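Visitor: Would you mind keeping the following structure in view while I ask a few things?
The values are calculated or read from the model by the stated rules, or taken from the named source; none is laboratory data. Not measured: the values here are computed from a predicted model. We place every Cβ from the backbone using ideal geometry, glycine too, and count neighbours over all the protein chains shown. Just the protein is used for accessible areas: all its heavy atoms, side chains included, with ligands, DNA and RNA removed. Shrake-Rupley method; radii C 1.70, N 1.55, O 1.52, S 1.80 Å.
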Amino acid sequence: MIFSFAKPMTKHSIVGHLSDTSQALSIARLVVQYVSRHRQSTPWAAEAGGQLFGTLNATHVCVTEASGPYAGDERSRYRYRSDSAAAQRAIEDRHKRGLLYLGEWHTHAEDYPSASGLDDDAMRRLIASSQLNSNALLMMIVGRARSAAGLAVWSVSREATRRWTLSENPEGT
Ligand SMILES: [Zn+2]
């Protein structure tokens, strides 16, 4: 069999922009599929979540992998907290493969997710307590609506929480 062209390992299916920077966000199709499997589409489903990994440079944040949830997590309908030892193992494992820890994801039992005050606080505590090279982390919340409409992503730093404008990438479907 002859392949006429090489396909990329992952295709970016969601892209994001912030109003005040030229940096672009790409979320690989595999990541969207991974987190979508945990959408809280039944009335009894608990929140799920985990960590986000990928690459980062001045112009582009690329989310290429997601991990979690883990057996030791604290999970309920309206709360998620990663097992910190399992999260740390996931971060070290991805680091060995050259992937950076970029942030956290979790689900919400709402169609179009918004961040709660608790979510903001949790991210700020995480940034304050970690020895990260970067001073900002991604926070992705996965709602019940399918694809880009059901996803919300923020960049959280000590100074500010900014929401990315997301759209579906026509080249990544
Ligand atoms: Zn939340």
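Visitor: Here is a list: Glu110, Glu65, Glu104. Which entry is of a type in the set (Asp, Glu), touching a Gly at 6+ places or on another chain (Cβ under 7 Å) and farther than 22 Å from Arg163 by Cβ?
Guide: From the options Glu110, Glu65, Glu104, the qualifying one is Glu65.
Visitor: Step by step: first the residues of region 81-101, then only those that are outside any helix (DSSP H, G or I) and open to solvent by less than 50 Å² (accessible area, probe 1.4 Å), then the one that is farthest from Arg39 (Cα to Cα). Which residue is that?
Guide: Ranking the candidates gives Leu99 first.
Visitor: In region 102-143, how many are in contact (Cβ under 8 Å) with a residue 12 or more places away in the chain, within 13 Å of the ligand (Cβ to nearest atom) and assigned to a loop (DSSP other than H, G, I, E, B)?
Guide: Going through region 102-143 one residue at a time, the tally reaches 7.
Visitor: Restricting region 108-122 to residues that are modelled with pLDDT of 90 or more and open to solvent by 50 Å² or more (accessible area, probe 1.4 Å), which is nearest to Ala149 (Cα to Cα)?
Guide: Here the answer is Tyr112.
Visitor: Regarding Glu74, is this residue more than 16 Å from the ligand (Cβ to nearest atom), on the phi < 0 side of the Ramachandran plot and without any contact (Cβ under 8 Å) to a residue 60 or more places away in the chain?
Guide: no
Visitor: For Ser157, which of the numbered conditions (1) surrounded by fewer than 19 Cβ atoms within 10 Å (Cβ to Cβ); (2) within 16 Å of the ligand (Cβ to nearest atom) fails to hold?
Guide: (2)
Visitor: Of (1) part of a loop (DSSP other than H, G, I, E, B); (2) under 16 Å from the mean Cα position of the chain (by Cα); (3) modelled with pLDDT of 95 or more, Ala46 satisfies all except one. Which?
Guide: That leaves (2) as the condition not met.
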